[in-house]
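Asks: Dropping a structure here in structure tokens format, bear with me for questions.
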Amino acid sequence: MARRLPLDRAIDLYLDHLKVERGLSLNTLDGYGRDLARLGAFLAARDRADVDDVTAADLTDHLIELADVGLGARSRARALVAMRGLFRHLIAEHWLDVDPGQLLEAPRSPPRSPVVLGEHAVAALIAAPRRDTPRGLRDAAMLELLYASVLRVSELVGLPLADVNLRGGFLRVTGKGKKTRMVPMGAAARDTIERYLVEVRPSWLRARDQPALFLTERGGPMTRQGFWKLLGVYARAAGVRAVGGAVSPHKLRHSFATHLLERGADLRAVQAMLGHADIATTQIYTHVSRAHLIEQYRKAHPRAR
């Protein structure tokens with residue numbers, strides 16, 4: 001006989017497990033927390049106080065309600081992952097004998113092609129900061145490195161100076177799930193970072209034990225929101241726009257991957273640089289790359305038109 005456990009307590013215990021034992025990022029934890037809070041409210045309205053009160057029909061109805069209020073298929077799929085994880089954890093910890101979520105199927109959504117900036121647009125964006133000012137030089141170094149080494153924005157702003165090997169031309173990056181990967185950086189990024197380290201960082205440094213590579217004028221690390229803001233400023237200054245919305249750090253990640261594949265890079269190598277656990281995640285970029293190949297064929301082949 002399984003022990004009884006209040007549902008809200010079960011959710012708290014599961015989120016603690018994800019944070020402490022699984023080492024998930026704060027952003028992922030926030031997403032799971034929102035999904036499970038929404039599930040908890042739905043089940044509370046049905047008087048499901050304990051975890052063993054929950055049925056498969058309850059979970060199915062919750063997914064239907066999420067669709068009815070207009071939540072997209074991807075968001076509903078993420079909510080399902082959170083639900084499944086919760087009840088599997090409860091089974092493993094012997095709070096439940098039967099998993100009510102084991103037969104649920106993920107909502108299907110058509111694969112979306114990533115939004116990609118052209119090489120000229122990326123070059124214009126990187127050239128936008130004024131490199132004759134301290135702030136402009138730092139921003140140029142950040143943009144160069146973001147594109148050169150395909151970092152996530154959280155990886156960029158949190159990158160320790162100790163993990164940057166300028167002589168070897170690579171970074172040690174700690175990404176999602178605290179997984180570490182080695183990523184190369186190009187000569188342009190390396191040269192700009194070297195200038196920033198000589199001309200800017202020493203004058204902004206307030207604490208000698210500050211680990212972050214990129215600092216603000218107050219001596220602390222830049223925030224994700226701060227970098228998003230400056231990226232928007234430079235995109236507008238360069239006249240660079242992205243399909244479907246503003247230029248974002250993730251769109252530069254998409255652009256990096258696509259540009260490498262268009263120039264013949266190996267898919268497995270791109271997967272390693274992106275830090276994708278599953279190569280299927282990386283394969284979305286091959287669709288864009290194939291479109292590029294078809295365009296080049298039509299331009300170059302004498303009988304293509």
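Asks: Kindly write out, for the stretch 62-75 in residue order, the coupling ³J(HN,Hα) from the Karplus curve 6.51 cos²θ - 1.76 cosθ + 1.60 (θ = phi - 60°), rounded to whole Hz, with x marking Gly and Pro.
Replies: Using θ = phi - 60°, the values come out as 5, 5, 5, 5, 4, 5, 5, 8, x, 5, x, 4, 5, 5 Hz.
Asks: If amide hydrogens are placed 1.01 Å from N in the peptide plane, which non-local residues have theirs closer than 5 Å to the one on Asp50?
Replies: Those qualifying (amide H under 5 Å, at least 5 residues apart or on another chain) are Leu7.
Asks: Could you work out the relative contact order of the stretch 7-92? I mean the mean sequence separation of Cα pairs under 8 Å and 6+ apart, divided by the number of residues, in percent.
Replies: Over the stretch 7-92, the number comes to 38 percent.
Asks: Got a sec to turn the phi values of the stretch 32-44 into Karplus ³J(HN,Hα) couplings, 6.51 cos²θ - 1.76 cosθ + 1.60 with θ = phi - 60°, whole Hz, x for Gly and Pro?
Replies: Each residue's phi maps through the Karplus curve to give 4, x, 5, 4, 6, 5, 5, 5, x, 5, 4, 6, 5 Hz.
Asks: Among 149-159, 18-28, what's the highest-first ranking by average C-beta atoms within 10 angstrom per residue?
Replies: 149-159, 18-28
Asks: Using only C-alpha positions, report the orientation-averaged shadow area of the convex hull of the stretch 7-92, nm², one decimal.
Replies: Mean orientational projected area (the stretch 7-92, Cα hull): 5.4 nm².
Asks: Taking loop as defined by DSSP and a crowding limit of 12 other beta carbons within 10 Å, which trypsin sites (Lys or Arg not before Pro) in the stretch 157-200 fit?
Replies: Answer in residue order: Arg167, Lys179.
Asks: Which of the lysines could a cross-linker bridge to Lys251, judged by Cα under 19 Å and excluding same-chain residues fewer than eight apart?
Replies: Result set, ordered by chain and number: Lys176, Lys229.
Values in this text are rule-based calculations from the coordinates and carry no lab data. Bear in mind that the values here come from a model prediction, so they are computed numbers and not experimental data. Heads up, the Cβs are rebuilt from the backbone with ideal geometry, glycines too, and the neighbour counts pull from every protein chain shown.
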